[in-house]
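To start, the structure under review is shown below, and the notes come after it.
The values are calculated or read from the model by the stated rules, or taken from the named source; none is laboratory data. All of these numbers come straight from a predicted model, not from anything done at the bench. Note: accessible area is taken over every heavy atom of the protein model, side chains too, but ligands, DNA and RNA are not part of it. Shrake-Rupley method; radii C 1.70, N 1.55, O 1.52, S 1.80 Å.
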Amino acid sequence: MPIQFNEFYHEKTGLTIGLEKLLFSEQTDYQLVEVYETDTWGNLMTIDGMVMLSQKDEFVYHEMVAHPVMFAHPNPEKVLIIGGGDGGTAREVLRHPSVKHLDLVEIDEAVVRASKEFFPGVGAWGDARLNVLFEDGIAFVKAARAKYDVVIIDGSDPVGPAEGLFEKEFFQYCFDALKEDGVLSAQTESPWVADYHKSMKQVFDALNDVFTESDMYLGYIPLYPAGMWSFAYASKGIKVQAEDVLTRVEEGLSSFGNELKYYNKAVHQGAFALPNFVKEIIQ
Ligand code: SPD
């Protein structure tokens, strides 16, 4: 086993993480899933050589992909997560007491198995509201009609099985799967990685065409390429910075206790402020 994990995101430039031990390695029908013990970040899951989560920084991504969209909806009862097999996004969604049913559709059962064994505390696997399905997320959402209040796309990068999660057709299926006041969030890659700009623009063009509202927002995730990460918010009408949304954020968070480590009302407001070079990617 090498002593370092490297994710190169531009030629010879990338991210380096010190490794202690290989804990899990499985070439599935879809991808190579690996888990390492690292010297600094706790356990680390990679898929096809790209970082998915570490025990120490996973809270940023999972809180940010879940809470802005969950608080945007006035009463999220039925939620769908596409991907998200490590369970972290589900854990955040299930903090919301209004949620009655959560479908998590993960294509690769090895991701769930590895998470259960090596990332204790990431997935809320024991919650009776959670229904885990091992299916193709695109086919699943295509078959759903006006069923969900919230859809969250927690896929991996736009190469291999997740490529279709960045296409317009898929976002039309998501729109159709949402009820009339439905809201959606998705992970949309790092603004610093030029190779992904085309996919980012493709997603935001699709969201602009298909949904009424769409916005990009940002979070800071040390183990993702260059540390800056983008997300999409889209809705059939609810504006993510509306006063009633901000009131829900404030009231909802006070009922969570001090459980969140990244997201708060000021982060919700600030995350949607985009630097000029980021705006240009999607204009
Ligand atoms: N390059 C990282 C892309 C990661 C997107 N999904 C991460 C899964 C965490 N639930």
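The largest-to-smallest principal axis extents of the Cα set in segment 1-40 are 29, 23, 15 Å.
What ranking of 236, 12, 100 comes out by heavy-atom accessible area, probe 1.4 Å, highest first?
Largest to smallest exposure gives the sequence 12, 100, 236.
Normalised by 2.2 N^0.38 Å, where N is the number of residues, the C-alpha radius of gyration of segment 159-283 stands at 1.10. Normalised by the number of residues in the chain, the mean separation of alpha-carbon contacts (under 8 Å, six or more apart) gives a relative contact order of 17 percent. Applying the Kirkwood pairwise sum to the alpha-carbon positions of segment 1-145 produces a hydrodynamic radius of 16.2 angstrom. Only protein heavy atoms count here; on that basis, with a 1.4 Å probe, residue 142 has an accessible area of about 110 Å².
Dimensions of segment 1-74 from C-alpha coordinates, computed as largest minus smallest value along each principal axis and given longest first, are 49, 29, 26 Å. Two tests apply to each whole DSSP H helix in the chain, Cα reach of 15 Å or more along its axis and mean Kyte-Doolittle hydropathy of at least 0.5, and the ones passing both are 58-72. Overall, the accessible surface of segment 58-282 at a probe of 1.4 angstrom is composed of carbon and sulfur to the extent of 50 percent. Ordered by solvent-accessible area of protein heavy atoms (1.4 Å probe), largest first, the residues 192, 229 come out as 192, 229.
Compute the Rg to Rh ratio over the chain from the alpha carbon atoms, using the Kirkwood formula for Rh, and round to two decimal places. On the Cα set of the chain, Rg over Rh gives 0.94. On a per residue basis, segment 58-282 carries 38 Å² of accessible surface, using protein heavy atoms and a 1.4 Å probe.
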